[in-house]
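The structure under discussion appears below in the form of C-alpha cells.
The values are calculated or read from the model by the stated rules, or taken from the named source; none is laboratory data. These numbers come from a predicted model, not from an experiment. So basically every Cβ, Gly included, is an ideal-geometry build from the backbone, and we count neighbours across all protein chains shown.
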C-alpha cells in the first residue's frame, strides 16, 4: 500500500487495542503535529505558491481531524498529557538532508511516507474495530487522508526534475521499511 516497503505487523493492532486510550491520545497528537508540519512548509518556502496553497489545505484537514480527535478523547473522559517523542518520526528526521533543495525534497518525501504509513494503519484499524462510531471514524479517515500521502510526491513532480528526487524516494522508502521492521510495537500511530 502506498509504495511502502514493509507492511505493519498484524500484532500492531493487538498492541493498539490493548491500550486503545493511549493510542487515541497519540493519534490526536499526531494530527496536531501533522497540521503544524504542513504550516511549517508555508513559512519556510513562501516562494513556492503551489506548495503553500497545497499545504494550507492539508493543515486545515489535519486540524479538522485533530478537532474530531479531541471530541473523541473528551467523550471518553481522557485527558491530554505531555507530548512524547515519537521514535519513528525521530528516526526519519535523522535521514533528512539539511541543505538547499535537498532539504525540501527530503521533507516532502518524508511527509508523504509518514502520511502513507498513517493511512495504512488507519485502514488496519478500520478493518478490525467493531462496527460503530470509532470504526466509521477510522474508515472515513482512510478516505480523507488517502490523498495526503501523494502530496509531497505530486509537488516534487511539479517543482523538480525526476532525476533530482526519484532515487532518493526509493532510498527513503527502503530506510523507512527498515525502521518499521526494527522499532518495537507500541500503542501509537507510529
Is it the case that residue 68 is closer than 30 Å to residue 130 by Cα, out of contact with any helix residue (DSSP H, G or I) (no Cβ under 6 Å at 6 or more places or on another chain), at pLDDT 95 or above and not in a helix (DSSP H, G or I)?
no
Candidates 170, 147 - the one that is out of contact with any strand residue (DSSP E or B) (no Cβ under 6 Å at 6 or more places or on another chain), without any contact (Cβ under 8 Å) to a residue 40 or more places away in the chain and within 15 Å of residue 4 (Cβ to Cβ)
170
When region 97-113 is examined, which residues are found to be exposed (fewer than 14 other Cβ atoms within 10 Å of the Cβ) and free of Cβ contacts under 8 Å to residues at least 12 places away in the same chain?
97, 98, 99, 100
Residues in region 114-130 that are without any contact (Cβ under 8 Å) to a residue 60 or more places away in the chain and either under 18 Å from residue 34 (Cβ atoms) or part of a helix (DSSP H, G or I) (or both): how many?
3
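Could you list, in sequence order, the residues of region 34-55 that are part of a loop (DSSP other than H, G, I, E, B) and either out of contact with any helix residue (DSSP H, G or I) (no Cβ under 8 Å at 6 or more places or on another chain) or within 20 Å of residue 153 (Cβ to Cβ) (or both)?
Selection gives 45, 47, 48.
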Against the conditions (1) at pLDDT 95 or above; (2) under 26 Å from residue 182 (Cβ atoms); (3) touching a helix residue (DSSP H, G or I) at 6+ places or on another chain (Cβ under 6 Å); (4) surrounded by fewer than 20 Cβ atoms within 10 Å (Cβ to Cβ), where does residue 31 fall short? Just the number, please.
(4)
Filter region 131-170 down to the residues that are more than 15 Å from the chain's Cα centre (by Cα), surrounded by 13 or more Cβ atoms within 10 Å (Cβ to Cβ) and not in a helix (DSSP H, G or I) and list them by number.
160
Name the one entry in 78, 104, 109, 92 that is out of contact with any strand residue (DSSP E or B) (no Cβ under 6 Å at 6 or more places or on another chain), more than 12 Å from residue 176 (Cβ to Cβ) and assigned to a helix (DSSP H, G or I).
104
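Picking from 173, 189, 185, which residue would you name as being assigned to a helix (DSSP H, G or I) and either over 20 Å from residue 96 (Cβ atoms) or at pLDDT 95 or above (or both)? I'd like the intermediate steps shown before the answer.
Numbers: 189 fails: assigned to a helix (DSSP H, G or I); 185 fails: assigned to a helix (DSSP H, G or I).
Answer to the check: 173.
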